[in-house]
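Take a look at the structure below.
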Amino acid sequence: MLKLGYHCSHEQFKPSELLTFAQRAEQAGFTAALSSDHFHPWTTRQGESGFAWSWLGAAMQATSLSYGIVNAPGQRYHPAIIAQAAATLAEMFPERFWISVGSGQALNELITGDGWPMKAERNARLKECVDIMRALWAGETVTHKGLVTVEEAKLYSRPEINPLIFGAAITPQTAQWIGGWADGLITVSQPKAQLQKVVDAFRRGGGEGKPMHLKIQISYARTQQEAKQLAYEQWRSNVLPNTVLTEIRNPEQFDALGDQVNPAVVEEMINISADVQQHIAWLEEYRSLGFEQLLIHNVNREQELFIDTFGEKVIPQIQG
């Protein structure tokens with residue numbers, strides 16, 4: 001059955017608020033959740049950035065939702081530590097946790113003081129990290145010297161069922177690459193023709209039959225004008241091309257670039273509507289592409305209105 005999930009945006013809300021939203025989302029009928037994993041917010045307007053991994057322990061205890069997280073092992077995080085963290089959550093909450101991995105953004109990873117590698121090197125580093133994590137989950141003692149270094153690491157607390165590793169991709173090129181080694185795909189909403197190319201590339205690269213999850217960016221509010229305005233206020237910097245998003249170094253730079261974004265571009269990249277039926281039509285369209293989880297991120301700050309309205313009017317129709 002298709003799962004509808006609530007996106008937990010640590011960049012926009014305090015951890016305590018997010019926990020309340022996750023509980024409210026479960027009560028409203030959402031059956032899954034996705035957690036971001038940032039050190040900095042995208043912009044100073046968002047203004048938060050809690051530590052996702054400690055928050056996940058609390059959220060998974062406080063709800064019965066399944067949870068995923070988008071993580072970039074290899075620089076800010078050592079892959080052995082992420083393997084340990086994921087194994088602990090998977091052991092405590094069997095088959096309720098999955099991890100998505102990507103090559104990261106300078107915004108978060110540069111806090112280590114290391115250089116920011118080119119995309120090809122970041123991809124190679126990511127694949128090394130995935131191989132290390134899987135070996136640790138298999139009970140192996142791992143020593144590895146490459147783009148990351150591991151010295152005689154062994155995990156002693158491991159789950160009976162390992163978490164799935166989804167590959168994060170926005171472009172068809174990355175989607176095709178991860179199709180060969182990831183357990184599944186996670187991508188973000190974009191114009192349907194481009195999204196279809198991402199799906200096709202993943203399947204062509206070896207992902208045929210593997211699960212696919214979609215993070216959907218929407219703005220729902222009481223009026224159309226409010227939905228547009230609130231999306232522009234909170235998320236205009238995030239509609240920049242991915243080649244730009246991965247290279248910008250701090251929230252202030254995102255603020256400066258976001259001020260140059262035309263509102264029409266925001267409306268093209270985010271599903272903005274005060275009409276519930278329009279949101280249902282968009283969700284059905286995404287379902288038709290073969291996604292098994294639709295993880296909805298209401299990019300504005302009107303979270304209670306979004307959760308309650310979608311719980312009452314959207315989830316019953318989509319699930320029904």
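The table that follows gives values for the structure above.
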{"item": "Between the stretch 116-156 and the stretch 195-240, the alpha-carbon center distance in angstrom", "result": "30 Å"}
{"item": "Protein accessible area in the chain, 1.4 Å probe - carbon and sulfur %", "result": "50 percent"}
{"item": "Accessible-area order (highest first, 1.4 angstrom probe) of the listed residues Ser219, Ser54", "result": "Ser54, Ser219"}
{"item": "Accessible area in square angstrom per residue, the chain, 1.4 angstrom probe", "result": "41 Å²"}
{"item": "Cα-derived Rg over Rh, computed across the stretch 46-85 with Rh taken as Kirkwood radius", "result": "1.01"}
{"item": "Charge tally in the Cβ shell below 11 Å around Leu18, where Lys, Arg are +1 and Asp, Glu are -1, Leu18 excluded", "result": "-1"}
{"item": "C-alpha long axis of helix 15-28 to longest principal axis of the chain, angle in °", "result": "70 degrees"}
{"item": "Antiparallel content of DSSP bridges confined to the chain, in %, to 5", "result": "10 percent"}
{"item": "Calculated SAXS-style log₁₀ I(q)/I(0) at q = 0.16, 0.17, 0.23 Å⁻¹ - the stretch 47-164, Debye, Cα scatterers", "result": "-0.78, -0.87, -1.35"}
{"item": "The stretch 151-254 - Kirkwood radius from inverse mean 1/r over Cα pairs (Å)", "result": "16.3 Å"}
{"item": "Relative packing of 230-242, 281-293, which averages over residues the other C-beta atoms within 10 Å, highest first", "result": "230-242, 281-293"}
{"item": "Residue-count net charge about Gln277 - beta-carbon cut-off 12 Å; Lys, Arg +1, Asp, Glu -1", "result": "-1"}
{"item": "Rh by Kirkwood over Cα pairs, then Stokes-Einstein D for the stretch 248-320 at 0.890 mPa s and 25 °C, µm²/s", "result": "170 µm²/s"}
{"item": "In degrees, nearest ten, helix 79-92 long axis to first principal axis of the chain (Cα)", "result": "70 degrees"}
{"item": "Size of charge dipole - the chain - debye, nearest 20, with Cβ of Lys, Arg +1 and Asp, Glu -1, no other charges", "result": "460 debye"}
{"item": "Scattering profile of the stretch 219-282 at q = 0.12, 0.15, 0.30 Å⁻¹ [log10 I(q)/I(0), Debye over alpha-carbon scatterers]", "result": "-0.33, -0.49, -1.25"}
{"item": "Sorted peptide list for 208-218, 97-107, criterion being average Cβ within 10 angstrom, highest first", "result": "97-107, 208-218"}
{"item": "Answer label, with P(r) over Cα pairs in 20 Å bins from 0, in percent calculated from the coordinates and candidates (1) 28, 43, 21, 8, 0; (2) 33, 61, 6; (3) 33, 57, 10", "result": "(2)"}
{"item": "Highest average packing first - 34-47, 132-145, Cβ atoms within 10 Å", "result": "34-47, 132-145"}
{"item": "Sequence-distant lysines (8 or more away, or on other chains) whose Cα lies within less than 23 Å of Lys145", "result": "Lys119, Lys127, Lys154"}
{"item": "Environment charge of Leu185, counting only residues whose C-beta is closer than 14 Å and scoring Lys/Arg +1, Asp/Glu -1", "result": "+1"}
{"item": "Positive-end residue of Gly206, Ile216, Gln260, charge dipole of the stretch 204-269 with Cβ unit charges", "result": "Gly206"}
{"item": "Inverse mean reciprocal Cα-Cα distance (Kirkwood Rh) of the stretch 130-194, Å", "result": "13.9 Å"}
{"item": "Residue-span extension gain [Asp275 to Lys313] - 0.36 nm each, minus C-alpha spacing", "result": "12.6 nm"}
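The values are calculated or read from the model by the stated rules, or taken from the named source; none is laboratory data. Note that the structure is predicted; figures quoted are calculated from it, not measured. Because the Cβ atoms are built from the backbone with ideal geometry, glycine has one as well, and the counts that use them run over all protein chains shown. Keep in mind that these areas ignore ligands, DNA and RNA; they rest on the heavy atoms of the full protein, side chains included. Shrake-Rupley method; radii C 1.70, N 1.55, O 1.52, S 1.80 Å.
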